[in-house]
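To start, the structure itself, in structure tokens.
The values are calculated or read from the model by the stated rules, or taken from the named source; none is laboratory data. Quick caveat, the model's predicted, so the values are computed rather than measured. Here Cβ is always computed from backbone atoms with ideal geometry, including for glycine, and neighbour counts include all displayed protein chains.
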Amino acid sequence: MMEHLYRQDLMHIHGIPLYWSFVDNWPQVESFQAMPGDLLITTYPKSGTTWISEIVDMIYKDGDTEKCKQDAIFNRVPFLEMSCPGFPSGTDQLAAVPSPRIVKTHVPVQLLPASFLDQDCKMIYVARNPKDVAVSFYHFYLMAKMHPDPGTWDEFLQKFMAGNVAYGSWYDHVKGWWEKAKTHRILFLFYEDMKEDPEREIKKVIQFLEKDLKQEVVNNILHHTSFQEMKKNPTTNYEMMPAWAMDHGVSPFMRKGMSGDWKNYFTVEQNKIFDAHYKEQMQGSTFRCLI
Ligand code: A3P
Ligand code: EST
């Protein structure tokens, strides 16, 4: 029934490859009016967006699991640039949410609606090892048929390195946001740090949001936002999305949730080429992450 939406080529919005269905609503994205109390969660896709979203929403709700379970994560934290037949647009969803809102976006920094900067909104960026991002993105392409056909893993990896995937170059994305974080209120986090010591990273978020939560509440947030819990929670695992949009039988949204899964996909040769390309792309930047 919705097959006509599937597997079409990406379009370009200000030079960035994006889903064709996002194009029509772009004027609403550009003119989006952020409010001073809005918090922006900004990531390159597959970097832990859903994870940090659930953590932040739990902090906003003082660790009340029941309140969080009242609605799907994609409604509690609307996706700014989302637009697709059969769904409310992100901008329409946000218009109905009372302040203080939590907003999700994947846009590269140069496409960020100006109002977020004008209002000096707080933002949280999460970066992840690009090798794991590529593997996760490949599986997302397979299960969410709005994406073009990814081809073989090797073909997809080449597209990823060339920035010929949704949201464009991972390298440009992290470099752009890394620079922005030097002058704006942006908490810059890493997926691998969150895996290594989630309590430490959650406490950073609590401090950044100027909240004061009891250790007992922190423990509850830790438990509720663990991969195992989020995988079985229908409000966080995306199983509330219609099956035509996401086929969890092909690959579940909550796939593995680990650091270093790339080692199961990259050949020795692919890894060598990737490392050389990474070095070339990231030279001149002070950004560092695990690869
Ligand atoms: P994998 O495909 O490697 O498993 P995003 O939310 O940005 O789309 O990112 C999705 C990735 O984050 C998936 O990675 C998913 O499994 C992982 N993820 C989601 N929740 C997580 C959690 N609580 N802990 C660790 N990883 C999580
Ligand atoms: C893209 C990135 C992301 O982090 C989350 C989502 C959730 C909603 C997805 C969208 C996406 C990609 C395009 C869709 C959309 C639901 C319908 C549309 O087909 C899969």
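In table form, for the structure just shown:
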read-out: Top-ranked residue of the range 124-139 - restricted to ones that are of a type in the set (A, V, I, L, M) and either part of a helix (DSSP H, G or I) or over 13 Å from the mean Cα position of the chain (by Cα) (or both), ranked as farthest from Lys279 (Cα to Cα); value: Val135
read-out: Those residues of the range 29-63 which are among the polar types (S, T, N, Q) and either under 19 Å from Glu201 (Cα atoms) or crowded, with 23+ Cβ neighbours inside 10 Å (or both), in sequence order; value: Thr42, Thr43, Ser47, Thr49, Thr50, Ser53
read-out: Single unsatisfied condition, Met123 versus (1) within 15 Å of ligand 1 (Cβ to nearest atom); (2) of a type outside the set (D, E, K, R); (3) crowded, with 22+ Cβ neighbours inside 10 Å; value: (1)
read-out: Filtered residue count, the range 20-58, keeping only those that are in contact with a helix residue (DSSP H, G or I) (Cβ under 9 Å, 6 or more places away or on another chain) and within 13 Å of ligand 2 (Cβ to nearest atom); value: 16
read-out: Residues located in the range 67-86, provided they are more than 15 Å from ligand 1 (Cβ to nearest atom) and closer than 25 Å to Gly15 by Cα; value: Ser83, Cys84, Pro85
read-out: Pick from the range 59-87, criterion acidic (Asp, Glu) and out of contact with any His (no Cβ under 9 Å at 6 or more places or on another chain), ranking: nearest to ligand 2 (Cβ to nearest atom); value: Asp71
read-out: Subset of the range 259-291 (residues that are in a loop (DSSP other than H, G, I, E, B) and exposed (fewer than 11 other Cβ atoms within 10 Å of the Cβ)); value: Gln283, Gly284, Thr286, Arg288
read-out: Test: residue in the range 195-216 that is within 16 Å of ligand 1 (Cβ to nearest atom), over 24 Å from Lys67 (Cβ atoms) and surrounded by 14 or more Cβ atoms within 10 Å (Cβ to Cβ); value: yes
read-out: Condition broken by Val97, with the remaining ones in (1) among the hydrophobic types (A, V, I, L, M, F, W, C); (2) crowded, with 21+ Cβ neighbours inside 10 Å; (3) outside any helix (DSSP H, G or I) satisfied; value: (2)
read-out: Filter result for Thr91 (within 11 Å of ligand 2 (Cβ to nearest atom), on the phi < 0 side of the Ramachandran plot and among the hydroxyl-bearing types (Ser, Thr, Tyr)); value: no
read-out: Neighbours by Cβ (under 7 Å, 6+ apart or cross-chain): first from the range 256-267, of a type in the set (S, T, N, Q); second away from ligand 2 (no atom under 16 Å from the Cβ); value: Ser259/Asn129; Ser259/Glu192; Ser259/Lys195
read-out: Ser99 vs. criteria over 30 Å from Met161 (Cα atoms) and touching a Gly at 6+ places or on another chain (Cβ under 7 Å); value: yes
read-out: All positions within the range 193-218 that are of a type in the set (Lys, Arg), assigned to a helix (DSSP H, G or I) and in contact (Cβ under 8 Å) with a residue 12 or more places away in the chain; value: Lys195, Lys203, Lys204
read-out: Test: residue in the range 64-71 that is in contact (Cβ under 8 Å) with a residue 40 or more places away in the chain and surrounded by 22 or more Cβ atoms within 10 Å (Cβ to Cβ); value: no
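To keep it simple, each residue is scored yes or no on (1) within 15 Å of ligand 1 (Cβ to nearest atom); (2) at pLDDT 95 or above; (3) among the aliphatic types (A, V, I, L, M); (4) in contact with a His (Cβ under 6 Å, 6 or more places away or on another chain).
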| position | (1), (2), (3), (4) |
| --- | --- |
| Asp247 | yes, yes, no, no |
| Met258 | yes, yes, yes, no |
| Trp262 | yes, yes, no, no |
| Thr267 | no, yes, no, no |
| Gln270 | no, yes, no, no |
| Asp275 | no, yes, no, no |
| Tyr278 | no, yes, no, no |
| Ser285 | no, yes, no, no |
